[in-house]
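The values are calculated or read from the model by the stated rules, or taken from the named source; none is laboratory data. Keep in mind that this is a model prediction, so the values were computed, not measured. Glycine gets a Cβ as well: all are built from the backbone with ideal geometry, and neighbour counts include every protein chain shown. SASA here: full protein model, heavy atoms, side chains in, ligands and nucleic acids out. Shrake-Rupley method; radii C 1.70, N 1.55, O 1.52, S 1.80 Å.
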Amino acid sequence: MKRKWWLLIPVVLLVIVVVFLAGAWSMFGTQVKAAGTVTKLEDRLYSLEYEGDYGFAEFLEQGGASSDAEMAEYIIAFLSHGFYSTEVSETEKSYGCSALSAVNESSDAVFGRNYDWDDCSAMIVYTKPDGAYESVSTACLDFLGFEEGWKPEGMMNQMMALAAVYLPLDGMNEKGLCVADLMAGDKQETHQDTDKPDLTTVSAIRLLLDYAATVDEAVELLSQYDMNSSIGSAHHFAISDAQGNAVVVEWIDNEMFVTETLAVTNHYLTPGSKFGIGSEESHARYEKLMHARELSNGVLSEDAMRDTLQQNSYEGETQWSIVYNQDALTIDFYWQRQYDSPISFTLD
């Protein structure tokens, strides 16, 4: 009897397809799964959950990046597994912001933050990386550098949106460490140049959220890297932990300084030649934050912190406000001054 060998063709093709898909899934499965979690929460506000390896440990091991464009090239190569590359341009912008640390009636550490910027799109990013801390952070999607009107909708755009993991502007991790990026008082960029690996402003925040449990650990980690300014400006970090420690980290003439403070806006707080440099408006916001603390003897409930942030917000500029409870690990997120409609969740 003749063998009908051609009947084997569909079987062979099926095996090839299965092997191909298995190989593709082993390469892209984590990214595809994460992209599938992108959810629209409000107009121009989205959320993303990324569980697994997003290449940050490898990013650090290969020396980090000394510019936003260099970091973007790494992100594209990692997410595409080397199948795609492109040139990326950098941007220069400025923004305001406020941050405040306090405790509530239960002595839980509470951290509040306003992000002031032009009207933008944003992503709330939950990450559960391999061998590092879980965290929730917020990214401004404008920083991704895609075309005007781009939205993380549709699988291809959702895959592109995974880069938001590398662009946190504020966040809290499972240990209660909070970090927020704010503009400092001038345009002097930081570009440290030693033999240490490099970080940009946003990748430094990812470093702290992934690997620091306390303010001391955060400062120690930052000291191990050369800092490079993002978006062509000076930055400083408001960092606080669940033990109630709160500092600002600033870079002046390429040297890192750490100063204890409970409030941070947009002027320098390091004693010395640059102390106080910044706008009058920044000083006014700082005084309002500290006055709110003094009136309450440093005790601010989550609602009181929200009210304090609202009093320091600006219509058309404050894109989001966040209140973190660093002990209970709760987050109240207020999108574009909708202070009666929080998006609330727990980092558990």
**Message:** Counting each pair of different Cα atoms once, what's the Kirkwood radius of the chain in Å, rounded to one decimal?
**Reply:** 21.0 Å
**Fill in**
Cα-based Debye curve of segment 163-295 sampled at q = 0.09, 0.15, 0.18 Å⁻¹ gives log₁₀ I(q)/I(0) of -0.24, -0.69, -1.00
**Request:** For Ser106 paired with Ala284, estimate the spin-label separation in nm (one decimal), with each label point 7 Å from Cα along the Cα-to-Cβ line.
**Result:** 3.7 nm
**Item:** Computed E for Asn157/Ala57 - FRET, C-beta separation, R0 30 angstrom, nearest 0.05
**Value:** 0.70
**Item:** Share of carbon and sulfur in the accessible heavy-atom surface of the chain [1.4 Å probe, %]
**Value:** 52 percent
**Message:** Need one number: convex hull volume per residue for segment 140-216, Cα atoms only, in Å³.
**Reply:** 151 Å³
**Fill in**
Whole-number value, in Å³ per residue, for the convex hull of the alpha carbons of segment 83-242 is 150 Å³
**Item:** For segment 180-193, Karplus couplings with θ = phi - 60° (6.51, -1.76, 1.60), whole Hz, Gly/Pro x
**Value:** 9, 8, 9, 5, 7, x, 8, 9, 5, 6, 9, 9, 5, 9
**Prompt:** Taking the convex hull of the alpha carbon atoms in segment 174-245, what volume per residue do you get, in Å³?
**Reply:** 79 Å³
**Backbone N under 13 Å from the His191 label point (7 Å along Cα→Cβ), restricted to segment 203-237** = 227-233
**Request:** Report, in order of residue number, the helices in the chain meeting two criteria: a C-alpha extent of 30 Å or more along the helix axis, and a mean Kyte-Doolittle hydropathy of at least 0.5; treat each whole DSSP H run as one helix.
**Result:** 8-35
**Prompt:** When the chain is fully extended, how far beyond the present Cα-Cα distance does Phe28 get from Phe345, taking 0.36 nm per residue of separation?
**Reply:** 111.3 nm
